[in-house]
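Have a look at the structure below before the remarks.
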Amino acid sequence: MRVIDLRSDTVTKPSKEMREFMMSAEVGDDVFGEDPTVNKLQEKVAELLGKEAALFVPSGTMGNQLCIKAHTQPWDELICDKDAHIYNYESGSIAGLSHVQVIPVNGKNGVFTAEQVEEVIRPEAYYLPKTKLVCIENTHNRGGGSIFPIDEIKRIKNIVDKYGLKFHLDGARLWNASVATGISMSEYAKYFDSVSVCLSKGLGAPVGSVIAGTKEFIKLAHRYRKAWGGGMRQAGILAAAGLFAIENNFNRLAEDHRRAKYFANEISKISRIKLDPDKVQTNIILFEVDGLTAQEVCQIVKDPSKTGSSLLLSVGKKYLVRAVTHIDVNDNDIEEAVKILKTYFN
Ligand code: TLP
């Protein structure tokens with residue numbers, strides 16, 4: 001049976017070439033800082049992001065949460081979009097691990113303005129929480145792969161500086177933003193005190209994220225990584241996948257964006273489907289099916305009995321279905337996915 005898996009760009013499997021590259025990686029004990037491949041990856045990502053230092057971590061969640069922990073103290077407060085991954089999908093870790101509370105801002109597709117940030121920053125008073133950190137996500141997952149405009153990032157950075165706050169970027173898919181806009185990773189990163197990027201999303205590596213910032217910041221994050229059980233030993237095998245992915249799978253993200261756009265255009269013609277294809281900026285497509293919850297849509301298209309193929313989609317919000325293009329789907333798979341949606345919803 002044919003399965004077309006558009007649930008996420010996390011579902012990709014390492015290619016034969018990537019696996020071979022991993023097999024030949026030189027390794028050492030990274031808890032002693034002695035894994036040459038991990039060190040190489042950290043240097044490479046630090047350079048790419050124009051930061052002093054970087055740290056390899058097991059997941060995007062750990063990367064974001066380490067940054068939040070290293071920028072804050074218990075009882076502090078951070079500002080992020082109401083749909084931010086750090087706030088919705090990281091198991092309550094802002095509260096659980098950092099003892100920090102969130103001021104969720106009502107952005108549009110995950111994008112908010114400098115004015116919205118300034119409005120919620122607390123004045124100094126003993127009975128108020130201290131606002132310490134602003135976090136943005138680029139591209140924005142629940143915003144449908146939306147790109148945070150660089151001009152708004154600059155405006156928010158002015159506010160961050162004016163109030164002496166810190167600025168964190170969840171750049172799990174910063175690669176996609178960079179390829180889509182032509183703005184370099186370092187140009188995006190330079191406005192932030194810390195950046196987290198994922199190797200296991202569009203880049204197709206099996207595991208891992210990297211966080212970057214000043215040497216002092218990374219030293220502190222390194223301490224917390226160990227404390228949280230994230231110290232890895234011969235992790236060069238995994239870091240090698242990341243190095244391979246950056247080298248070979250970064251620029252090809254444009255293909256995923258092209259397919260997402262095509263898919264969005266085609267399914268927007270289906271009578272019961274509601275979406276604006278102009279909103280699709282990268283590799284994530286959010287759409288509604290008239291009268292059905294996202295969960296119901298996922299169940300219907302998964303069943304191969306009518307079409308001979310199983311289409312896997314995920315839930316974006318209660319009524320928003322999410323489809324994500326990635327390295328393991330080709331033009332033909334996208335055609336088949338369109339056909340399946342036509343069968344059920346036209
Ligand atoms: N996103 C995943 C999961 O929510 C399942 C997905 O399928 O999109 N930041 C952003 C913007 C993300 O989209 C994700 C993962 C993370 C951080 C966390 O990364 P991991 O899953 O490696 O902890």
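Look through V45, V11, V3, V27 and report the one residue that is within 16 Å of the ligand (Cβ to nearest atom), aliphatic (A, V, I, L, M) and not in a helix (DSSP H, G or I). Can you show your working first?
Working: V45 fails: not in a helix (DSSP H, G or I); V3 fails: within 16 Å of the ligand (Cβ to nearest atom); V27 fails: within 16 Å of the ligand (Cβ to nearest atom).
None of the others qualify; the one that does is V11.
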Note on the range 76-91: residues crowded, with 17+ Cβ neighbours inside 10 Å, within 15 Å of the chain's Cα centre (by Cα) and either among the β-branched types (V, I, T) or assigned to a loop (DSSP other than H, G, I, E, B) (or both) are D83, A84, I86, E90
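How many residues, within the range 97-133, are in a loop (DSSP other than H, G, I, E, B), within 16 Å of the ligand (Cβ to nearest atom) and open to solvent by 40 Å² or more (accessible area, probe 1.4 Å)?
Residues flagged as in a loop (DSSP other than H, G, I, E, B), within 16 Å of the ligand (Cβ to nearest atom) and open to solvent by 40 Å² or more (accessible area, probe 1.4 Å) within the range 97-133 amount to 1.
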Here are some conditions: (1) closer than 22 Å to E17 by Cβ; (2) open to solvent by 20 Å² or more (accessible area, probe 1.4 Å). D256 meets all but one. Which one does it not meet? (2)
Restricting the first residue to the range 2-26 and requiring it to be among the small types (G, A, S), which pairs with a second residue that is away from the ligand (no atom under 16 Å from the Cβ) and open to solvent by 70 Å² or more (accessible area, probe 1.4 Å) meet a Cβ separation below 6 Å and a spacing of at least six or different chains? A25/I237
Qualifying position, being more than 18 Å from E43 (Cα to Cα) and buried (at least 21 other Cβ atoms within 10 Å of the Cβ), among R223, R142: R142
Being away from the ligand (no atom under 11 Å from the Cβ) and under 20 Å from V329 (Cα atoms), is that true of even one residue in the range 188-201? no
Where a residue in the range 39-56 is without any contact (Cβ under 8 Å) to a residue 24 or more places away in the chain and its partner, wherever it lies, is of a type in the set (D, E) and assigned to a helix (DSSP H, G or I), with Cβ under 9 Å and at least six apart: N39/D30
The one condition in (1) farther than 24 Å from V179 by Cβ; (2) within 16 Å of the ligand (Cβ to nearest atom) that D256 fails to fulfil: (1)
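Results for (1) touching a His at 6+ places or on another chain (Cβ under 9 Å); (2) open to solvent by 20 Å² or more (accessible area, probe 1.4 Å); (3) within 16 Å of the ligand (Cβ to nearest atom), shown as yes or no for each residue.
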{"residue": "K219", "(1), (2), (3)": "no, yes, no"}
{"residue": "G242", "(1), (2), (3)": "no, no, yes"}
{"residue": "S271", "(1), (2), (3)": "no, yes, no"}
{"residue": "L292", "(1), (2), (3)": "no, yes, no"}
{"residue": "V297", "(1), (2), (3)": "no, no, no"}
{"residue": "D303", "(1), (2), (3)": "no, yes, no"}
{"residue": "S309", "(1), (2), (3)": "no, no, no"}
So which of I136, I153, I183, I94 is outside any strand (DSSP E or B) and crowded, with 24+ Cβ neighbours inside 10 Å? I94
Whichever residue in the range 48-58 is away from the ligand (no atom under 14 Å from the Cβ) and open to solvent by 30 Å² or more (accessible area, probe 1.4 Å) and, among such residues, is nearest to E247 (Cα to Cα): L48
Those residues that are within 16 Å of the ligand (Cβ to nearest atom), surrounded by 19 or more Cβ atoms within 10 Å (Cβ to Cβ) and of a type outside the set (V, I, T), I need them from the range 59-75; list them, please. G60, M62, G63, N64, Q65, L66, C67, K69
Residue identified as under 21 Å from Q281 (Cβ atoms) and either out of contact with any His (no Cβ under 8 Å at 6 or more places or on another chain) or within 16 Å of the ligand (Cβ to nearest atom) (or both) among I150, I246, I159: I150
Close pairs (6 angstrom Cβ cut-off, 6 or more residues apart or separate chains): among the acidic types (D, E) in the range 247-270, in a helix (DSSP H, G or I) anywhere: E266/V338
Of S93, S178, S184, which residue is modelled with pLDDT of 95 or more, within 15 Å of the ligand (Cβ to nearest atom) and farther than 20 Å from T61 by Cβ? S178
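The values are calculated or read from the model by the stated rules, or taken from the named source; none is laboratory data. Since this is a predicted model, take the numbers as computed values, not measurements. Don't worry about glycine lacking a Cβ; one is built from the backbone with ideal geometry, like all the others, and counts go over all protein chains shown. Side chains are part of the model used for accessible areas, which takes the heavy atoms of the whole protein and leaves out ligands, DNA and RNA. Shrake-Rupley method; radii C 1.70, N 1.55, O 1.52, S 1.80 Å.
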